[in-house]
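Shown next, in structure tokens, is the structure this report addresses.
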Amino acid sequence: MSLLINNDLIWISIPKNASYSVESALLNSNLKVKLSNGYKKKYIDKTKFELTHTHIPLSSLFAEFGKKETLCINRDYSQRWLSSLSQILKQLKLLDMNLIIDWKDIDNEFIYNFFDNETIKDINCNENEINYLKKLVSNNSIEHKDFSQIQFKMLWNLLLSQNYWKLNNKCTYEFDINEMDKFETFIKNRYGINIKVPKLNEGLGYKISDSNIKLDEKLKNWIWENFEVPFVKSNSLI
């Protein structure tokens, strides 16, 4: 979900970068916020609905809100990627998918072997998106009746670089995920309104420490070369 704040600042929602927590703080504040058209209503019954948590590239936000200053949260790319992978595995498990491997058994070699060149290209180029999800399950349980297209899209786009969401450019204002106090102070100084960003959605994924993954330099470089470089070098993807 992305928002226009006080008609002069676009909040870019980047997956796995505290987006749900920040948006909750903004929506529940006294700020004037406008919802992006990307919000979808998910009906609980005929009279009640909730807004789905979606993520929208900056190009679409500019088209909707116009060219304005931007605001976002950044995160270490390697930790974010592994956090995304853990959430994908956990959500597939919660959807009763028969996974080919449990999170606790995943190690660096599994990652290198599973994400071959074709799979990486499919993910980065938005092509054949469901293929790598199918590779993670041992049968056709990916067609489970409860696995909606919305859920599928939410899982697929987690592995995209955070640069994808902001058109490979730095936001006008960026804050590290570990320094949310600076984000809160920025809002206070700019608009004179206090907000407090809660810690929400923790536990959506598994802990990296519960796997056999070692975040060493080799893995960091592998993630950088395969999932960050295609978005850092130019606007043309692989």
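Take the stretch 7-38 and flag every residue that is under 13 Å from the mean Cα position of the chain (by Cα) and either among the small types (Gly, Ala, Ser) or in a loop (DSSP other than H, G, I, E, B) (or both).
Ile12, Ser13, Ile14, Pro15, Lys16, Asn17, Ala18, Ser19, Ser21
Looking at the stretch 101-153 only, could you name the residues that are of a type in the set (Phe, Trp, Tyr), at pLDDT below 90 and under 21 Å from Leu219 (Cβ atoms)? Can you show your working first?
Residues of the stretch 101-153 that are of a type in the set (Phe, Trp, Tyr), as a first pass: 103, 110, 112, 114-115, 132, 147, 152.
Checking which are at pLDDT below 90 leaves us with 132, 147, 152.
Residue satisfying the conditions is Tyr132 alone.
Looking at the stretch 53-73 only, could you name the residues that are at pLDDT 95 or above and within 27 Å of Glu225 (Cα to Cα)?
Passing the criteria: Thr70, Leu71, Cys72, Ile73.
Report, by residue number, each residue of the stretch 76-100 that is at pLDDT below 95 and assigned to a loop (DSSP other than H, G, I, E, B).
Leu95, Asp96, Met97, Asn98, Ile100, listed by residue number.
The values are calculated or read from the model by the stated rules, or taken from the named source; none is laboratory data. Quantities reported herein were computed from a predicted structural model and do not represent experimental measurements. Glycine also receives a Cβ, built like all others from the backbone with ideal geometry; neighbour counts cover every protein chain displayed.
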